[in-house]
Amino acid sequence: MLSETDPALILAVAGAFLLAGTVKGVVGFGMPTVSLAVLAGITGLPEAMALLLVPSFVTNLQQALTGGHLKPLLRRLWSLLLVSIPCIWMGVAILAETDPDRLARLLGAVVMIYGAAGLAGLSFRAPPRAEPWISPVIGAVNGLLTGLTGSFVVPGVAWLQALGLDRNALVQAMGLLFAVSTAALGLALGGRSLLTPELGLASALAVIPAVAGMALGTRLRRRLPERHFRRVFFGALILLGLRLLAGGG
């Protein structure tokens, strides 16, 4: 679809990443979820997953390497990250053989759950003794859903929040999970011929509006109360999820 170089399509893709980057600049996360929810109804889910790769990896790698907690986070999260990688490959293998409309609806359900949980302010604390065996299970589920839908957040973000990390460590941990997931997703999509050179180039160019959006979001964060923005953000995700569920992409 992108090989047609339709100006309206190019503007839609740029606008999606400008919006997604702005969200990430304000609240520190949400770029893949927002870009997927918007683009899946325009380009199709597999293409949307390919388009998010470079902007997501660039922004999340920076987030993963910033904060001073990288070594302790790797010691604590290695099993979650390691198990997620082959599960992402499994998810992409299913994606390649499945009707994209069905998986777009699955993405819609994931986005709705994420939005509803955010609006409700749901949270829980991980029992320390259970963490060694729950963490890889979460990694497996998160990886499979990442491969199927391109969304990195369910249930990974909720689990990271449950670990009781301080704010800076939590942001860095999310960047680490998202960066590893993006790299694995890119390799898996390429291995299934779902990442074409045209999509790779478009994804690289999408870094520009994504970074511009992050800069805009960072400025907005200083003026806009985060709790108000989060309500609008999670509410909008529920509406986008409903749209995907109704239209199947």
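The values are calculated or read from the model by the stated rules, or taken from the named source; none is laboratory data. Model, not experiment: these values are computed from the prediction. Backbone-built Cβ (ideal geometry, glycine too); neighbour counts: all protein chains shown. Quick note on the areas: whole protein, heavy atoms, side chains included, nothing else; ligands and nucleic acids left out. Shrake-Rupley method; radii C 1.70, N 1.55, O 1.52, S 1.80 Å.
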Checklist outcome for this item: Relative contact order of the chain (C-alpha contacts under 8 Å, at least 6 apart) in percent is 41
Checklist outcome for this item: Between the alpha carbon centres of the stretch 33-84 and the stretch 148-215 the gap in Å comes to 1
Next on the checklist: Not counting ligands, DNA or RNA, and with a 1.4 Å probe, what is W159's accessible surface area in Å² rounded to the nearest 10?
Outcome noted: 10
Item to check | I134-R222 pseudo-label distance in nm [points 7 Å out on the Cα-to-Cβ vector] | outcome: 3.9
Checklist entry - Which whole DSSP H helices in the chain pass both tests: a Cα extent of 15 Å or more along the axis and a mean Kyte-Doolittle value no lower than 0.5? => result 7-27, 53-65, 70-96, 100-120, 131-149, 167-191, 207-221, 226-247
Checklist outcome for this item: Note, G44: beta-carbon cut-off 12 Å, +1 each Lys/Arg, -1 each Asp/Glu, net -3
Next on the checklist: With only alpha-carbon pairs counted, each pair once and no self-pairs, how large is the Kirkwood hydrodynamic radius of the stretch 131-249 in angstroms?
Outcome noted: 16.8
Next on the checklist: Debye calculation, C-alpha points only, no solvent: report log10 I(q)/I(0) for the chain at q = 0.08 Å⁻¹, in the same order as the q values.
Outcome noted: -0.27
Checklist entry - Any idea of E97's accessible area? Nearest 10 Å², probe 1.4 Å. => result 140
Checklist entry - How do the peptides 64-73, 107-116 rank, highest first, by the average count of neighbouring beta carbon atoms within 10 Å per residue? => result 107-116, 64-73
Item to check | Listed residues R222, R105, R230, most fluctuating in the chain (Gaussian network, C-alpha, under 10 Å) | outcome: R222
Checklist entry - What percentages, rounded to whole numbers, describe P(r) for the stretch 75-191 computed over all alpha carbon pairs with 10 Å bin width beginning at zero? => result 14, 45, 33, 8, 0
Item to check | Listed residues I208, I134 arranged by accessible area, highest first, probe 1.4 Å | outcome: I208, I134
Next on the checklist: Restricting to DSSP H runs of at least four residues, report the calculated mean residue ellipticity at 222 nm for the chain, -39500 (n - 2.57) per run over all residues, nearest 500 deg cm²/dmol.
Outcome noted: -26000 deg cm²/dmol
